[in-house]
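Comments concern the structure below.
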Amino acid sequence: MLIRELWSYHRGYVIIKVKGTGLEEFLNRAAAKGIYLWDVERLSRELLIAKVSIADFRQLREAVRKVPVTVRIRQRVGLPFWRQKLSQRLVLLAGALLSLACIYVLSSIIWFVQIDGLERLDHDFVTGILQEAGVGPGAWRNSIDPREVEKYLLLRIPSLAWAGVRLRGTLVEVALVEKTEIPDDEQLPGDIVANRNALVTQIIPFAGTVLVKEGEAVTEGQVLIAGALDPHMPSPGDDSGRYLRAAGMVRGRVWYRGFGEASVVSRVSRRTGQSCTGSRLTAGRWSWQWGDVEPPFRQYEEEVETRGLVLPRFGWELPIRLETIRFFELVTETVEIDLETAKEAALRRSWEAIAAKMTPGAEILSQEVDVTTEEHSGEVLVRARRTVEVHEEIGVFRALPGETPEETWEGSR
Amino acid sequence: MVKAFKGRLLQNLTDAFELPADVVLNLPRITITGSLQMLIENHQGIIAYEPEKIRIRTRQGETVITGTGLKIDSLFAGEVRINGRISGIEFRHSRG
C-alpha cells in the first residue's frame, strides 16, 4: 500500500467531503465513470470522505451533477500542490536553491588541514610546504590530488620516511613519519684507536681496515681499525682517498698499577668545641662589621654564610649582603691504629687507584699485591703495590679532524 | 422466460467446457483475505454503505458484507476493495 501512497502523492490528490442523501448513488456513478476513489470512509448517514486524484476530480463534478450531494475539497495533498505553492513563492525557491549551492560550494573547499606525526619537524614549516603543494584552507577540494601531494612532501622534506594525505570532507589529514636519523656526529668518518697501552687479544671489525694483529702490543692513540679505504694513503685529509667510519670491537690485555699507603699513626684534626662568631654587613662600597671578624685561635676552621637581599617579584638582587663568619678552634691529635687495619687501608687505596682508571666491568685475569712496612722517621708506614691484568675493550672511535657531516660517505651505501 | 433459458444454457456451456464462470456468466469473483480484506470484481454498484454493513449489487443478486469498521479501500468500475473486520457474507439471490 506504500507504493500506492507514494504514487498518489506524486500525482497529487484531494480529500473530498461528500454530503447528501445519495451517497451510494454518488459512489456508483463515480465508479461507472471510471473514477477511482479510495479510502472511502463513511462518517455518518449523510457524510462521506474519500480520496480522488486530481485528474479524476475534474470529471467528478460532471459525473455527480444529478446526484443530490455536495462535494467539497477538504485537503489538497501531493507534489503538484507543492509545485503550485512554490511557483507563487519564487523568492523562497531561489533562497532554497541558493543555500543548497552555498553548501555545495563551501563543502568543496578545504577548511582544515591536520598534520599528524610531527616529531622534529616544525609544524609551520610543513604547513608552508603544503601551501606550495596547493593544500591549505581555501583550496578547492578537486584541485588536490593526495598522491601528488604525498610525492611533493617526500621530495621537499628529505627527513620524511612516509607521507599519507587523505581528504575527509573539508578536512585534509596529513600523516607523516619522520626518518629515524642517525645523529650527525655518529656519521663522521674516522678510525678506531687504542685508548690505552695494551696487548691485543681479539679484533672484530665491522667496517674499516684492520691494522693490527692479535697478540700485538699497541700504544695509546695507535690506530687499530682504519677508516681509510686505502690505509697506506698519504694523509687522512687527502681528498683523493675516501674515508669511512671505522667500527669494530678490539679487546686486549691491559695492566694497571695501583699504589696505596697507610700510616699506623695518623694525625686527625678535631674541633675542640670552642667557637666564635663575627658579622659583616656590606652595602655597596660601605661595610660594617661586628663580633669576632678576626680568628682568635691558632688552628681554626672557618664557615661563612652569606645572605643577600633579593626582591622576589623582579629577581633583582639588592647590593646589600650580610656575612656571618664562624670560627671553630681545632686541635690535632695523634691516633694510633693497629698494623692490620693500616694494611687493609693501604690495600683498599691501591685498589681504588686502579678502579678509577679501569673500564668498569672489565674481566680481571690476575692480580699481584705487594705489601711492605717501612719505618720512616719514627712513623710506621704500610705500602701496598698492586698490579692487575685485565681483559677489556680498548678501542674507541676517533673522528677525522676537519670533517663535517655533509662530506660523509657512508660505507653501507 | 427467454432470459432464464439463456442463463441455464450458458451455465451448462460453462460447465461443459470448464470455462471460468466469472468471465462467461459475468459473475462476481470474490477474494477474501482472512477476515480483514475483501475484493469483489465484477460488481455492479454499491447499494448501501455503512461502517457495519455494505451491500453490493452483483449479477446474481446482492452481496451483503457485515462487520465493524468497514471501509471502501478503493472503488473502481467493476472492482471494489473493502477493509475492516468482516464477520459475515451473505448472498441474496434476486428472483431473476
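Worth pointing out:
- Test: residue in the stretch A:127-142 that is part of a strand (DSSP E or B) and over 30 Å from A:Ala246 (Cα atoms): yes
- Matching residues, the stretch A:4-19, being more than 60 Å from the chain's Cα centre (by Cα) and not aromatic (Phe, Trp, Tyr): A:Arg4, A:Glu5, A:Ser8, A:His10, A:Arg11, A:Gly12, A:Val14, A:Ile15, A:Ile16, A:Lys17, A:Val18, A:Lys19
- Residues that are within 17 Å of A:Leu167 (Cα to Cα) and not in a helix (DSSP H, G or I), drawn from the stretch A:87-116: A:Ser108, A:Ile109, A:Ile110, A:Trp111, A:Phe112, A:Val113, A:Gln114, A:Ile115, A:Asp116
- Across the stretch A:6-44, the number of residues qualifying as of a type in the set (Lys, Arg), farther than 18 Å from B:Ala77 by Cβ and at the interface with chain B (Cβ under 8 Å from one of its Cβ atoms) comes to 1.
- Each residue in the stretch A:130-143 was checked for being surrounded by fewer than 18 Cβ atoms within 10 Å (Cβ to Cβ) and of a type outside the set (Lys, Arg), and 9 of them qualify.
- Enumeration of residues in the stretch A:376-395 that are polar (S, T, N, Q) and not in a strand (DSSP E or B): A:Ser377
- Selection status of A:Leu155, surrounded by 14 or more Cβ atoms within 10 Å (Cβ to Cβ) and on the phi < 0 side of the Ramachandran plot: no
- Against the conditions (1) surrounded by 14 or more Cβ atoms within 10 Å (Cβ to Cβ); (2) more than 23 Å from A:Val254 (Cβ to Cβ); (3) at pLDDT below 85, A:Val382 satisfies every one except (3).
- Selection status of A:Leu60, crowded, with 19+ Cβ neighbours inside 10 Å, of a type outside the set (Val, Ile, Thr) and away from every other protein chain (no Cβ under 11 Å): yes
- Residue match in the stretch A:94-109 (condition: in contact with a Lys or Arg (Cβ under 6 Å, 6 or more places away or on another chain) and closer than 30 Å to A:Glu5 by Cβ): no
- Test result for B:Leu25, more than 14 Å from every other protein chain (Cβ to nearest Cβ), of a type outside the set (Phe, Trp, Tyr) and touching a residue at least 12 places away in the same chain (Cβ under 8 Å): yes
- Checking every residue in the stretch A:291-298 against the condition of being touching an Asp or Glu at 6+ places or on another chain (Cβ under 8 Å), modelled with pLDDT of 80 or more, surrounded by 10 or more Cβ atoms within 10 Å (Cβ to Cβ) and not in a strand (DSSP E or B) gives at least one match.
- Here is the figure for the stretch A:238-270: residues that are part of a strand (DSSP E or B), at pLDDT below 85 and more than 30 Å from A:Val212 (Cβ to Cβ) total 9.
- Scanning the stretch A:63-85 for residues that are surrounded by 13 or more Cβ atoms within 10 Å (Cβ to Cβ) and free of Cβ contacts under 8 Å to residues at least 60 places away in the same chain yields A:Ala63, A:Val64, A:Val67, A:Val69, A:Val71, A:Trp82.
- Residue selected from the stretch B:48-84 under the condition charged (D, E, K, R) and touching a residue at least 24 places away in the same chain (Cβ under 8 Å), by the criterion nearest to the other protein chains (Cβ to nearest Cβ): B:Asp73
The values are calculated or read from the model by the stated rules, or taken from the named source; none is laboratory data. All of these numbers come straight from a predicted model, not from anything done at the bench. As a convention, Cβ positions derive from the backbone with ideal geometry for all residues, glycine included, and neighbour counts pool all protein chains shown.
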